[in-house]
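Asks: One structure, pasted below without further comment.
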Amino acid sequence: MTSPPSVTEVSSSRLTDVGGLTVHRALPTRGRRTVGAWCFLDRFGPVAVDPERTATIGPHPHIGLHTVTWLLEGEMLHTDSLGSEQLIRPGQLNLMTAGNGIAHAEDARHLRSGRMNGVQFWVAQPEATRHGAPSFAHHGDLPHVDLRNGHATVLLGSFDGVQSPAQLDSNLVGIDVTAHGPLDLPLNPQFEYAIAALHGSLRCEGATLSTDEFMYLGAEREQIHLDLTQEARILVLGGVPFEADIVMWWNFVARDRKEMETAKADWDAGSERFGPVATTLPRIEAPHPFWLI
Ligand code: MN
């Protein structure tokens, strides 16, 4: 048996601004667009709720991806062009499928105190479904797996034989692990994996991963040994390497720029492709594509 690749890539998240909120963007990185079908990972907070500057995002469109929302603290109200209206709290998962087109808003204006802290992932849709119908699902209860020195919540896919009710058309997994001390995680050798540290730090095969850093582990591993510091919280993402090269711009995942230009034009025109969202938040206008003069 060949030995698995060693850890070679550790990257810091980039700081960026989303709706007035500072976020740490772990994926994509300069050299890596996807881990499995996972193509985007934003961590917002922890930040004190400020009624003057709330974490709200007005109506905006998506194509070709699933959004996965996972809160650690606070709460958000999701509304979308399918008529969904769903409050999400820590421990719950919102899974939205854009397909050919959806629009949504995220509203936290009702919060007066406490903290906001959460993660939003995007998962690229495969060719088989990316032109299909949009959908939205809320999962209020996710399964847990006990581990030596901690536990894992299975957000998507299955881990150690335990399956999340949230399933996608790509073969992938996402778990949220809280632990202290050494940890052995069983992995699927068909998957490539990455770890994002939400809190605390860990050591893995001589590399150190600190809060808001991202570590790519490669594929062909049956398990991974991690040494977590006192009470660390990490996300482990994995999946079969994605079938295609994707392009991402603004809120779109596509295969070429022409598709994104068309989606922008449809959003600009108020096309039925995206539909209205029931919210008092102002609609977000698309920026001009940087590749067009
Ligand atoms: Mn969105």
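Asks: Looking at region 106-122, which of the residues that are in a strand (DSSP E or B) and more than 21 Å from residue 83 (Cβ to Cβ) is farthest from the ligand (Cβ to nearest atom)? Lay out the reasoning, then the answer.
Replies: Within region 106-122, the subset in a strand (DSSP E or B) is 106-107, 115-122.
Next, from what is left, pick out any that are more than 21 Å from residue 83 (Cβ to Cβ): 115-122.
Details: 115: 21, 116: 16, 117: 18, 118: 13, 119: 13, 120: 7, 121: 11, 122: 9 Å.
The residue in question is 115.
Asks: Which residue, of 33, 25, is assigned to a loop (DSSP other than H, G, I, E, B) and closer than 25 Å to residue 156 by Cα?
Replies: Values: 25 fails: assigned to a loop (DSSP other than H, G, I, E, B).
Testing whether each residue is assigned to a loop (DSSP other than H, G, I, E, B) and closer than 25 Å to residue 156 by Cα leaves just 33.
Asks: What pairs can you find where one residue is in region 50-67 and over 11 Å from residue 104 (Cα atoms) and touching a residue at least 24 places away in the same chain (Cβ under 8 Å), the other is near the ligand (Cβ under 8 Å from one of its atoms) and in a loop (DSSP other than H, G, I, E, B), and their Cβ atoms are less than 9 Å apart, with a gap of 6+ or different chains?
Replies: 63/251; 65/251
Asks: Still on this model: Residue check, residue 267 against (1) surrounded by fewer than 17 Cβ atoms within 10 Å (Cβ to Cβ); (2) among the aromatic types (Phe, Trp, Tyr); (3) not in a loop (DSSP other than H, G, I, E, B), all met but one. Which one?
Replies: Status for residue 267: all satisfied but (1).
Asks: On to the next question. Please work out which one of (1) more than 20 Å from residue 139 (Cβ to Cβ); (2) assigned to a loop (DSSP other than H, G, I, E, B); (3) among the small types (Gly, Ala, Ser) is the condition residue 103 fails and give its number.
Replies: (2)
Asks: Follow-up question, since we're still on this one. Output the residues belonging to region 63-100 that are touching a helix residue (DSSP H, G or I) at 6+ places or on another chain (Cβ under 9 Å) and either within 12 Å of the ligand (Cβ to nearest atom) or not in a loop (DSSP other than H, G, I, E, B) (or both).
Replies: Of everything in region 63-100, just one residue is touching a helix residue (DSSP H, G or I) at 6+ places or on another chain (Cβ under 9 Å) and either within 12 Å of the ligand (Cβ to nearest atom) or not in a loop (DSSP other than H, G, I, E, B) (or both), namely 63.
Asks: For residue 261, only one of the following conditions fails: (1) of a type outside the set (S, T, N, Q); (2) part of a helix (DSSP H, G or I); (3) within 22 Å of the chain's Cα centre (by Cα). What is its number?
Replies: The one condition residue 261 does not meet is (3).
Asks: If residue 103 satisfies all but one of (1) surrounded by fewer than 17 Cβ atoms within 10 Å (Cβ to Cβ); (2) within 14 Å of the ligand (Cβ to nearest atom), what's the number of the condition it fails?
Replies: Residue 103 satisfies all of (1) surrounded by fewer than 17 Cβ atoms within 10 Å (Cβ to Cβ); (2) within 14 Å of the ligand (Cβ to nearest atom) except (1).
Asks: For residues that are under 30 Å from residue 130 (Cβ atoms) and of a type in the set (Gly, Ala, Ser), scanning just region 200-222, find the one that is surrounded by the fewest Cβ atoms within 10 Å (Cβ to Cβ).
Replies: The qualifying residue surrounded by the fewest Cβ atoms within 10 Å (Cβ to Cβ) is 218.
Asks: Same structure again: So which strands (runs of 3 or more DSSP E) are wholly in region 123-233 and hold at least 1 residues that are in contact (Cβ under 8 Å) with a residue 12 or more places away in the chain, touching a strand residue (DSSP E or B) at 6+ places or on another chain (Cβ under 6 Å) and within 19 Å of residue 35 (Cβ to Cβ)?
Replies: Counting at least 1 such residues, we get 150-156, 172-186, 192-199, 202-204, 207-209, 213-218.
Yes or no, residue by residue, for (1) among the hydrophobic types (A, V, I, L, M, F, W, C); (2) exposed (fewer than 15 other Cβ atoms within 10 Å of the Cβ):
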| residue | (1), (2) |
| --- | --- |
| 224 | yes, no |
| 239 | no, no |
| 250 | yes, no |
| 272 | no, yes |
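Asks: So how many residues does region 39-62 have that are away from the ligand (no atom under 11 Å from the Cβ), of a type in the set (A, V, I, L, M, F, W, C) and buried (at least 17 other Cβ atoms within 10 Å of the Cβ)? Don't jump to the end; show me each part of the working.
Replies: Initial filter on region 39-62 (away from the ligand (no atom under 11 Å from the Cβ)): 39, 41, 43-56.
Remaining after also requiring of a type in the set (A, V, I, L, M, F, W, C): 39, 41, 44, 47-49, 55.
Restricting the remaining residues to those that are buried (at least 17 other Cβ atoms within 10 Å of the Cβ) gives 39, 41, 44, 49, 55.
Residues in region 39-62 being away from the ligand (no atom under 11 Å from the Cβ), of a type in the set (A, V, I, L, M, F, W, C) and buried (at least 17 other Cβ atoms within 10 Å of the Cβ): 5 in total.
Asks: I would also like to ask the following. Can you find, within region 83-99, the residue that is farthest from the chain's Cα centre (by Cα) among those that are surrounded by 17 or more Cβ atoms within 10 Å (Cβ to Cβ) and under 25 Å from residue 270 (Cα atoms)?
Replies: 84
Asks: Where the second residue is of a type in the set (Val, Ile, Thr) and surrounded by fewer than 23 Cβ atoms within 10 Å (Cβ to Cβ) and the first is more than 13 Å from residue 120 (Cα to Cα) and lies in region 90-101, which pairs have Cβ atoms under 7 Å and are six or more apart or on separate chains?
Replies: Close Cβ pairs (under 7 Å, with a partner that is of a type in the set (Val, Ile, Thr) and surrounded by fewer than 23 Cβ atoms within 10 Å (Cβ to Cβ)) amount to 99/129.
Each reported figure results from applying straightforward, stated rules to the coordinates on display, with no laboratory input. It should be emphasised that the depicted structure is a prediction, and the values quoted were computed from it without experimental measurement. Positions of Cβ are generated from backbone atoms using ideal geometry, with glycine treated the same way; all protein chains shown enter the neighbour counts.
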